[in-house]
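The structure under discussion appears below in the form of C-alpha cells.
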Amino acid sequence: MRVLLATVVIAGCAMASIGCKEKSQETPKPAPVADTRYTDWKTFNFQNIRILYPPGHPLESTLVSMAEGYVRSIKRVDELLGMAPFYDTLKVYFYSGYGQGRELTGQQYPFADSQAIHFWLPSFYGPTLMQYLLPRWAPDPPRHAFLKHGLIALFDFSGQNYHASTIGYWNAREFIPLSKLATDTAVNSNEERFQSAEAASFCAYVLADFGPQALRELYLSPVSFDSSVMQTCFAPIDTVQSHWLNYVKLNVPKDSIRDSIGK
C-alpha cells in the first residue's frame, strides 16, 4: 500500500513538473495597448456630470450650461419613464466637431455605450443620452426596434412636435400604419424623422394613456406586436391605432398641422 501511495505521489509530482514545463514554454501574451487618444484632454465636473474635452475646445465656455442640460434631461427622463433617480457619474467625451469625433471614434454619428457618451455638434443631447439610459430602464433590446428609436426621438430634446408630424403624415396620406411600423426595418433615429417621428408619437401616447410600466412591457415583450398590444393595451392593434390618432389630434395645435409635414 505504501509502495502504491509513493508511486501515485511520484506520478503526481512528475505530472506537475511536466505541466509547469509546458506552461513555462507558452508564449507570453502581449500587454494591451494603452488608449492614448484622450491623454491630454481636460476634465470638467459638475454634480454627477463629467465632461472630457480637448484643449482649446471652441465651446469650452458653454460647459456649465451643457452639464446643467444633462442634469435636467436625466431628471425628466427618470420621471417620465418611472426610472430610479440616476446618481452615477455620467461621463461625456465632448469632441471639438464632427471631424474629430469621426476620426477618433470611427463612428459617423454621436453615440453612447455602457461606459460613456461620445458627443459632438451638430446634434442634440437627447439621442445619445437615451442610448446611454435605455439599457438601464430595460436591459434587453426590444424585439420591435421602432420602440427604441421612438423613445430616442421622443427624448431628443430638439423641440420638435412629433404629434404634429404624425397627423401631418396622416393628412398627406403618408402615414405608416402601426402594424407596419412595428416591423419596419428602415426606422433609424440617427438618419430619419419619418418612421421615428411616428414612433415617438406612439410612445408618448402609451406613456400618457397606460403609463411607463405598460410601455416597458411592450418594449420587452418577446411575442408579436399584435399580441403584445392586446396583452398590454387590452385592445386589438387597429383599435389602439385609432385611439392613438385621436390622442394626437387632441394634442396638436390646429394652426401647426398644415406646416407639420417633414418636421
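Structure data summary
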{"quantity": "Amide H contacts of A112 (H built 1.01 Å from N, under 5 Å, at least 5 apart or other chain)", "calculated": "H118"}
{"quantity": "Vicinal HN-Hα couplings computed from phi for the range 196-212 (Karplus, 6.51 cos²θ - 1.76 cosθ + 1.60; Hz; Gly/Pro x)", "calculated": "5, 5, 4, 4, 4, 4, 5, 4, 5, 5, 4, 4, 6, 8, 10, x, x"}
{"quantity": "Principal axis dimensions, largest first and in whole angstrom, of the range 145-257 by Cα", "calculated": "38, 28, 25"}
{"quantity": "Diffusion constant of the range 42-137 at 20 °C, which comes from Stokes-Einstein with the Kirkwood Cα-pair radius and 1.002 mPa s, µm²/s", "calculated": "157 µm²/s"}
{"quantity": "Share antiparallel - DSSP beta bridges, the range 41-147, percent rounded to 5", "calculated": "50 percent"}
{"quantity": "Long pairs among K42/K148; K91/K148; K42/K75, criterion Cα-Cα beyond 29 Å", "calculated": "K42/K148"}
{"quantity": "Nearby aspartates and glutamates by direct alpha-carbon distance to K180 (threshold 16 angstrom, same-chain neighbours under 8 apart not counted)", "calculated": "E198, D226, D238"}
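Every number in this text was worked out from the coordinates using simple rules, so none of it is lab data. As the structure is a computational prediction, the values presented were derived from the model and not from experiment.
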